[in-house]
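Before any comments, here is the structure.
The values are calculated or read from the model by the stated rules, or taken from the named source; none is laboratory data. Everything quoted here is computed from the prediction, not taken from an experiment. Ideal geometry is used to build each Cβ from the backbone, glycine not excepted, and the neighbour counts take in all protein chains shown. Calculation scope for accessible area: heavy atoms of the full protein, side chains included, ligands and nucleic acids excluded. Shrake-Rupley method; radii C 1.70, N 1.55, O 1.52, S 1.80 Å.
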Amino acid sequence: MDYLAGYVAYLRAQNPDNVVVSAGDLTGASPLISGLFHDEGTIEAMNRLGLQINAVGNHEFDKGKKELLRLQHGGCSTIDANTCQGATEGTPVPFEGAKFQYLGANVFDTSTGETIFPAYALKTYHGVKVAFIGLTLKDTPSVVTAAGVAGLRFADEASTINTTVRELQTQGVESFVVLIHQGGSQTGKTFDINGCAGGLDGTPIKAIVSKLDDAVSLVISAHTHQAYNCRVPTRSGHPALVTSASSYGRLLTQIDVTIDTKTGKITADSAHNMVVDRTN
């Protein structure tokens with residue numbers, strides 16, 4: 001985490017117009033050093049790294065909706081005494097909660113019909129609004145215990161994204177980035193962390209992107225713990241940039257985006273997966 005944070009700080013210093021985002025599974029199924037303390041230390045570390053937006057992943061639901069909402073808003077766990085121990089490390093007591101925004105465009109509370117987290121977050125750069133739409137895989141209930149997803153409904157990924165894009169376009173937004181906890185993998189005998197061997201053919205993320213509105217230019221994916229840097233055609237053939245940064249903080253994806261301030265649209269983008277080198 002220290003080295004990952006160092007790389008993030010280095011890149012942010014070089015690029016004043018920036019945002020730090022992730023695509024889920026920050027917590028849950030975690031090592032004992034995090035899990036024993038209800039992952040509060042991980043949230044505190046990501047706060048200090050400067051994370052701003054995170055799309056929920058399936059493991060965020062391992063302990064259920066109530067616990068996930070606590071990680072967002074703060075406060076002590078009622079499960080046991082291994083909570084709100086920040087005083088030993090100089091972090092606030094009670095637990096401060098995530099300073100970054102969880103997004104869950106396709107995660108609905110069945111009792112209210114509303115999403116448990118916002119569907120999107122907006123960032124403004126030189127007067128242009130950029131929308132970050134965040135969601136998890138629709139099959140989350142098949143990979144999480146029934147207790148973890150009790151009272152929740154998970155909607156189709158592509159239709160959720162397209163509906164949100166249309167809603168935002170009525171508000172004048174024309175630049176869209178998707179953070180999605182679903183992914184794919186490279187195939188074939190060659191492999192490079194910035195490669196796209198096999199073009200993600202036959203993978204869930206390619207199937208989703210192929211249904212997306214052409215307004216979506218950038219898709220930051222996850223879930224499969226793989227590294228790739230691809231171009232995948234959307235519904236009408238627009239070559240969306242689709243990235244994944246492996247797992248466990250081993251890679252960091254640096255993405256550069258150019259936006260036309262007159263049209264508000266993304267006109268160019270590129271990505272580079274960087275190894276978080278612990279000798280640097």
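Rounding to the nearest 10 and keeping the result within 0 to 90°, find how far the Cα-based axis of helix 40-49 lies from the longest principal axis of the chain. For 40-49 against the chain, the angle is about 50 degrees. Computed from Cα atoms, the angle from the helix 64-73 axis to the main principal axis of the chain rounds to 90 degrees.
When each of the peptides 134-141, 192-199 is scored by how many other beta carbons lie within 10 Å of its residues on average, the order from highest to lowest is 134-141, 192-199. Rolling a 1.4 Å probe over the heavy atoms of the protein chains gives the chain an accessible area of 46 Å² per residue. Scaled against the 2.2 N^0.38 Å expected of a compact globular protein of N residues, the Cα radius of gyration of the chain reads 0.98. Over the chain, DSSP H runs of length four or greater, each weighted -39,500 (n - 2.57), average out per residue to a 222 nm ellipticity of -5500 deg cm²/dmol. Computed from Cα atoms, the angle from the helix 2-14 axis to the main principal axis of the chain rounds to 40 degrees. The lysines whose alpha-carbon is closer than 18 Å to the alpha-carbon of Lys262, local same-chain residues fewer than 8 away aside, are Lys123, Lys129. Within the same chain, lysines fewer than 8 places from Lys66 are excluded, and of the rest, those with a Cα less than 26 Å from its Cα are Lys99, Lys138.
Taking all protein chains in place and a 1.4 Å probe, what share, in percent, of the accessible surface of the chain do carbon and sulfur account for?
Working: 6960 of 13020 Å².
The value for the chain is 53 percent carbon and sulfur by accessible area.
Placing +1 at every Lys and Arg Cβ and -1 at every Asp and Glu Cβ, with all other atoms neutral, what dipole size does the chain have around its Cα centre, in debye to the nearest 20?
Details: 21 positive and 27 negative charges, 83 e Å.
Here the size comes out at about 400 debye.
Taking 0.36 nm per residue of separation and subtracting the Cα-Cα distance, full extension of the segment from Thr110 to Thr279 would add 56.0 nm.
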